[in-house]
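Structure in structure tokens, see below.
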Amino acid sequence: MRKSTFIKIQEALLKSWSIHTSSKWTKDNPAKGQCGVTALVVNDILGGRIRKTALNDGWHFYNQINGIRYDFTVSQFNESIRYRDVPSNREEAFLDTNQKQYDLLRHRVKIHL
């Protein structure tokens, strides 16, 4: 993925995340709780694979595209993540969100792209 594509998607996500795309969202930490829904939307746009790593609060989801890890929600954490890159899928990532949140984030990101 080109750096400009990454930046465009990151900017679109920042403009799109809200309390309506994750109940954990805050103004000070907009990526909070957005990992599953974000991994799904990025997978829609760029393809690739969904990966996960176990953290204290449960599974953290992110994307792997052309063998490279992309974690668009890493900013929600204060500590660095020791990634395990456990294979996951859309069904598991969807357990972290719901249809309404997913549809809204997908729609908003497409508008901002």
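Tell me, which residue of region 1-18 that is assigned to a loop (DSSP other than H, G, I, E, B) and surrounded by 13 or more Cβ atoms within 10 Å (Cβ to Cβ) is nearest to the chain's Cα centre (by Cα)?
Out of the qualifying residues, it is 17.
Condition first: surrounded by 13 or more Cβ atoms within 10 Å (Cβ to Cβ) and closer than 14 Å to residue 23 by Cα. Now tell me which residues in region 99-113 satisfy that.
If the condition is that a residue be surrounded by 13 or more Cβ atoms within 10 Å (Cβ to Cβ) and closer than 14 Å to residue 23 by Cα, then 101, 102, 104, 105 are the ones that fit.
Residues are listed down the side, and each one gets a yes or a no for (1) of a type outside the set (Lys, Arg); (2) over 21 Å from residue 112 (Cα atoms):
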{"position": "19", "(1), (2)": "yes, no"}
{"position": "31", "(1), (2)": "yes, no"}
{"position": "37", "(1), (2)": "yes, no"}
{"position": "40", "(1), (2)": "yes, no"}
{"position": "63", "(1), (2)": "yes, no"}
{"position": "68", "(1), (2)": "yes, yes"}
{"position": "73", "(1), (2)": "yes, no"}
{"position": "86", "(1), (2)": "yes, yes"}
{"position": "90", "(1), (2)": "no, yes"}
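What number of residues in region 60-93 are surrounded by 17 or more Cβ atoms within 10 Å (Cβ to Cβ), among the hydrophobic types (A, V, I, L, M, F, W, C) and more than 22 Å from residue 3 (Cβ to Cβ)?
2
Looking at the structure I just gave you, is residue 24 outside any loop (DSSP other than H, G, I, E, B), under 24 Å from residue 110 (Cβ atoms), basic (Lys, Arg) and at pLDDT 95 or above?
No.
Determine which member of the set 64, 76 is free of Cβ contacts under 8 Å to residues at least 60 places away in the same chain and more than 20 Å from residue 101 (Cα to Cα).
Only one candidate qualifies: 64.
Find all pairs meeting these conditions: Cβ atoms under 6 angstrom apart; at least six residues apart or on different chains; first residue within region 17-40 and of a type in the set (S, T, N, Q); second residue at pLDDT 95 or above and not in a loop (DSSP other than H, G, I, E, B).
Here the result reads 21/37; 21/101; 21/104; 21/105; 29/76, each pair linking region 17-40 to a residue that is at pLDDT 95 or above and not in a loop (DSSP other than H, G, I, E, B).
Among (1) assigned to a loop (DSSP other than H, G, I, E, B); (2) modelled with pLDDT of 95 or more, which single condition is residue 61 missing?
Exception for residue 61: condition (1).
Could you go through region 39-49 and let me know if any residue there is of a type in the set (Gly, Ala, Ser), over 17 Å from residue 19 (Cβ atoms), in contact with a strand residue (DSSP E or B) (Cβ under 8 Å, 6 or more places away or on another chain) and surrounded by 21 or more Cβ atoms within 10 Å (Cβ to Cβ).
Scanning region 39-49, I find at least one residue that is of a type in the set (Gly, Ala, Ser), over 17 Å from residue 19 (Cβ atoms), in contact with a strand residue (DSSP E or B) (Cβ under 8 Å, 6 or more places away or on another chain) and surrounded by 21 or more Cβ atoms within 10 Å (Cβ to Cβ), so the answer is yes.
Just to be sure I understand, how many residues within region 83-113 are farther than 21 Å from residue 12 by Cα and among the small types (Gly, Ala, Ser)?
Number of matching residues: 1.
Could you list all residues from region 44-94 that are among the small types (Gly, Ala, Ser) and on the phi < 0 side of the Ramachandran plot?
Listed by number, the residues that qualify are 54, 75, 80, 88, 93.
The values are calculated or read from the model by the stated rules, or taken from the named source; none is laboratory data. It should be emphasised that the depicted structure is a prediction, and the values quoted were computed from it without experimental measurement. Note: ideal-geometry Cβ built from the backbone for every residue, glycine included; neighbour counts use all protein chains shown.
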